[in-house]
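What follows draws every value from the coordinates through simple rules; no lab data is involved. Here the structure is a predicted model, which means the values were calculated and not measured. Here the Cβ positions follow ideal geometry from the backbone for every residue, glycine too, while neighbour counts run over all protein chains shown.
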Amino acid sequence: MPGVDTALFAVFRTVARHGSFTAAAAELGYTQSAVSRQVSALEAEFGVTLFDRQPRGVRLTDAGLSLLQHASAVTDRLALARDDIAALRDLSAGRLRAGAFPTANTALVPAAVGAFETAHPGVTLSLSEGLVRDLSDMLRAGDLDVAVITSNDQADGLELRHIADDPMLVAMHPGHRFAARPVIRLAELAGEDWIAGSGRLDHTLLSGAPFTPRIRYVIREWIAKQGFVAAGLGVTLIPSLAVGSARPDVVLVPLHPDDAPVRRVFAATPAGITPPPSLDAFVRCLDRAAAELAAARS
């Protein structure tokens, strides 16, 4: 009913229920004249008489009876809408579409998702896994609300919240000559065979190394990379976020702080878009999960 102040419907329904302006005014906390004016405004809007004014109250006309059915539907729908919006606000309902790069899904994101779903079981949380550039495109297209990404070179049109730093370790065979080292310099590994996720150096964790690594095997999955390491076929870099998934038959040696290509991990959201009410709660879960992982590593 365009142009109609829906608050008038509540007054109208109260008058109809009591059959009296005075009784309706007492329930609503208005004066009798204020109730009368609001009913008159509604009558003017529709160009009909809604109540016959009688010595002992008022009675609905046929037009009033017809409008009452619609007014009840409108006010009931508005009440439902208010309840739905309140449920979104207090996180007892709603949805959140999240994304993450693969390494984040080994420990960081599962811990955050578990905490979030325990605290807010009424919110439907979905998760997509992908490369940073694909997740960034999905955010800009409106297909995701938040994504855990690792760099800001894909950040046009996005807002970034720093979640964690992700230093690197070297995974090597237990019999490797450097396996007992407490820390290792990257330059010491210049002559090694490397296992990497791409044959293109700039698409790997070795980008920026002080030498040109000899990438012997291109393996995408972390578990598969570790299988090659365990077989003594080379070494690979492992992000600290993936330490929890390390095989028992490989050794992880931290890189020297001056050499470690630390990745910065962000929660990315589309810039200029009103986020769902559940977003801040999910980011807080990410922050807590990142802090717990960092404490476990130290």
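Farthest toward the positive end of the dipole of the chain, out of Ala7, Pro121, Leu60, is the Cα of Pro121, where the dipole comes from beta carbon charges about the Cα centre.
With K and R counted +1 and D and E -1, the other residues having a Cβ less than 14 Å from that of Ala93 yield a net charge of -1.
How far apart, in nanometres, would the label points at Arg161 and Arg133 be if each is projected 7 angstrom from Cα along the Cα-to-Cβ direction? Calculated label separation equals 2.8 nm.
Measuring between their Cα centroids, region 153-182 and region 257-279 lie 16 Å from each other. Using Cβ point charges alone (K and R +1, D and E -1), the dipole size of the chain about the Cα centre works out to roughly 300 debye.
Beta-bridge orientation, the chain: approximately 60 percent antiparallel, per DSSP, counting only bridges with both partners inside. Between 0 and 90 degrees, the angle of helix 62-89 with respect to the longest Cα principal axis of the chain falls at about 20 degrees. Working from Cα positions, state the angle (0 to 90°, nearest 10) between the long axis of helix 132-141 and the longest principal axis of the chain. The answer is roughly 10 degrees.
Projecting the Cα positions of Leu189, Gln38, Leu293 onto the charge dipole of the chain (unit charges on Cβ atoms of Lys, Arg, Asp and Glu, taken about the Cα centre) puts Leu293 furthest along the positive direction. Projected label points at Ser66 and Asp249, each 7 Å from Cα along the beta carbon direction, are separated by 8.3 nanometres. What you get for region 7-89, charging only the Cβ of Lys and Arg (+1) and of Asp and Glu (-1), is a dipole of about 180 debye around the Cα centre.
Quick check: the angle from helix 32-46's long axis to the longest principal axis of the chain, C-alpha only, nearest 10 degrees? Roughly 80 degrees between the two axes.
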